[in-house]
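Remarks on the structure that follows.
The values are calculated or read from the model by the stated rules, or taken from the named source; none is laboratory data. What you see is a predicted model; the values in this text were computed from it and never measured. In this analysis, Cβ positions are derived from the backbone assuming ideal geometry, glycine residues included, and neighbour counts consider all displayed protein chains. To get the accessible areas, we keep the full protein, side chains included, count just its heavy atoms, and leave off ligands, DNA and RNA. Shrake-Rupley method; radii C 1.70, N 1.55, O 1.52, S 1.80 Å.
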Amino acid sequence: MKVIRQLQYKFVYSMILIEMIVFAGILFSLNFAITRRESNEARDFLEFLAKNDGHRPRPQYYDDMNPEELPPPELIADIDATSSASREHPEDFLRNITKFFRPEHEDKANLRNYFSVLISNNGDIQDVIHDFPLNYTRHEIQDLVNEALKTDKSCSTVGGVMFYIRELRNTNRIICMLNRNSELKTLGKLYIYSTLLYLLSIVLSVLISIPISKYMILPAKEAFIKQKQFIADASHELKTPIAVIGANIDVLEGEIKGNKWLEYIKAENKRMGELVKDLLYLAKSDAGRNELTFSDFNFSNAVENSILPFEVIAFEAGKTLELDVQKDIICNGDEKSLKQIFIILVDNAFKNSEKGAQIKVSAMADEKKITYKVFNTGTGIQKEDLEKIFLRFYRSDYSRVRKTGGSGLGLAIARTIAQDHGGTLVANSEFGKWAEFTLTLPKNR
């Protein structure tokens, strides 16, 4: 059943879409936070180096400190006393002296792959400052400096090396550099693993959502089956009394001629028979039991034979019917059901147009598809009704129901036939002026 399958597909798509959005948001936020944190720590460390002339400061005794950083005199006296007695009690000396060491940030102490370059105003290297052996030659350092200066930024990354430029008072500049290749490789692996985890989660969500969707739509499926079974059973039950009434009307017409009440009963009985027939067709289509015979046939001849009887109707109604059909179009499909579409669309054009209206029927084909169009001038269709008119029993203009007859199932049946052939049926209109229906079928199934 198409409706149940569509409902299940929508449920699965909804679950997957929600999972994709939520999980993508989580992974993106996590990766962004980690990347931003690593970048900020690297920048902080470079700024830390730049403020200390390219070196990571070592612990200093109070004699090397600025005057405002000195401890109180009484504590200095204690330290001096401890210093003089350091040979007798070295552990006490170390415990007191470390109170005045300049502290070193723990995270910054873990960063080792760095160096600083002192450059002149014109970009020449004056000195390379490093606390550890370098893995770069002088030429490589010069290239990194040149690339850093080209960016016109105080802090950025070139060739996997992050740099920070600080202006000095003597018109010189110091560029602190940190090799982040290992970090970037680690982040790259994190992105790859996150992507794989994301794809795996989508696959797992599909596998999990399919059985869940079957369970979730089970009540709707049972209700739908019961509804379709009821429609089919009711239609079958109505066929017999409708046929009996029709036979009795024929008998009464022979005995009572020219009775208007009998004519009303006959017209309504005929309308009821057509309605039951349409309901049976839709019920079989929903259950997948429509028997369609696909074969190659002359599409052009089928259109002309279906439209020919409407020429008399057009003449009597004071309307113009034009036919433009490409010759010898060969189509693979069920000829009988496709003729039903031709008739439904043309009949719809006649019912929804006034006297003097122009109706055009055209058929053409290319290498891939066959197109059948029915155009008519008249009241047209409002934009919000272009899809609703294909719903069962929907009438966009209820004031015309009694005037034109019909049950509102014709367009629903036409679209169902089109879908059974792998095609489409759409409507287009300019309200108050014209309406056009377009049937598109694949040329080769």
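Filter the range 160-172 down to residues that are modelled with pLDDT of 85 or more and open to solvent by 60 Å² or more (accessible area, probe 1.4 Å), then give me how many there are.
Selection size over the range 160-172: 2.
Please specify each residue of the range 6-44 satisfying the condition of being closer than 16 Å to Ile217 by Cα and charged (D, E, K, R).
Across the range 6-44, the qualifying residue is only Lys10.
Scan the range 2-33 for residues that are of a type outside the set (Phe, Trp, Tyr), exposed (fewer than 15 other Cβ atoms within 10 Å of the Cβ) and either touching a residue at least 40 places away in the same chain (Cβ under 8 Å) or more than 23 Å from Ser194 (Cα to Cα) (or both) and jot them down.
Selection gives Lys2, Val3, Arg5, Gln6, Lys10, Met20, Ala24, Leu30.
With respect to Glu263, is the statement that it is farther than 19 Å from Thr416 by Cα, assigned to a helix (DSSP H, G or I) and of a type in the set (Asp, Glu) true?
yes
Keeping to the range 327-350, report how many residues are in a loop (DSSP other than H, G, I, E, B) and over 39 Å from the mean Cα position of the chain (by Cα).
Qualifying residue count for the region: 2.
For the range 318-342, name all the residues that are buried (at least 17 other Cβ atoms within 10 Å of the Cβ) and more than 19 Å from His421 (Cβ to Cβ).
Lys319, Leu321
Within the range 204-249, can you find the residues that are surrounded by 11 or more Cβ atoms within 10 Å (Cβ to Cβ), within 30 Å of Phe32 (Cα to Cα) and not polar (S, T, N, Q)?
Matches in the range 204-249: Leu204, Val206, Ile208.
Check the range 385-400 and report whether any residue there is open to solvent by less than 40 Å² (accessible area, probe 1.4 Å), under 21 Å from Lys319 (Cα atoms), in a helix (DSSP H, G or I) and at pLDDT below 85.
Yes, the range 385-400 has at least one match.
Within the range 276-326, count every residue that is in contact (Cβ under 8 Å) with a residue 60 or more places away in the chain and part of a helix (DSSP H, G or I).
Residues meeting the conditions: 9.
Scan the range 263-270 and tell me whether some residue there is of a type in the set (Phe, Trp, Tyr) and within 30 Å of Leu338 (Cα to Cα).
No, the conditions are met nowhere in the range 263-270.
Tell me, which residue of the range 284-320 that is closer than 21 Å to Ile330 by Cα and of a type in the set (Ser, Thr, Tyr) is modelled with the lowest pLDDT?
Thr293
Residues Thr171, Thr186, Thr137, Thr157: which one is of a type in the set (S, T, N, Q), more than 16 Å from Leu46 (Cα to Cα) and within 48 Å of the chain's Cα centre (by Cα)?
So the residue among Thr171, Thr186, Thr137, Thr157 that is of a type in the set (S, T, N, Q), more than 16 Å from Leu46 (Cα to Cα) and within 48 Å of the chain's Cα centre (by Cα) is Thr186.
When the range 121-152 is examined, which residues are found to be modelled with pLDDT under 85, open to solvent by less than 60 Å² (accessible area, probe 1.4 Å) and within 21 Å of Thr171 (Cα to Cα)?
Correct list: Gly123 only.
Among the listed residues Thr157, Thr186, which satisfies the condition of being of a type in the set (S, T, N, Q) and not in a strand (DSSP E or B)?
Being of a type in the set (S, T, N, Q) and not in a strand (DSSP E or B) holds for just one of Thr157, Thr186, which is Thr186.
Examine the range 355-368 for a residue that is open to solvent by less than 40 Å² (accessible area, probe 1.4 Å), in contact (Cβ under 8 Å) with a residue 60 or more places away in the chain, out of contact with any strand residue (DSSP E or B) (no Cβ under 9 Å at 6 or more places or on another chain) and closer than 17 Å to Phe299 by Cα, and state whether such a residue exists.
No, that holds for no residue.
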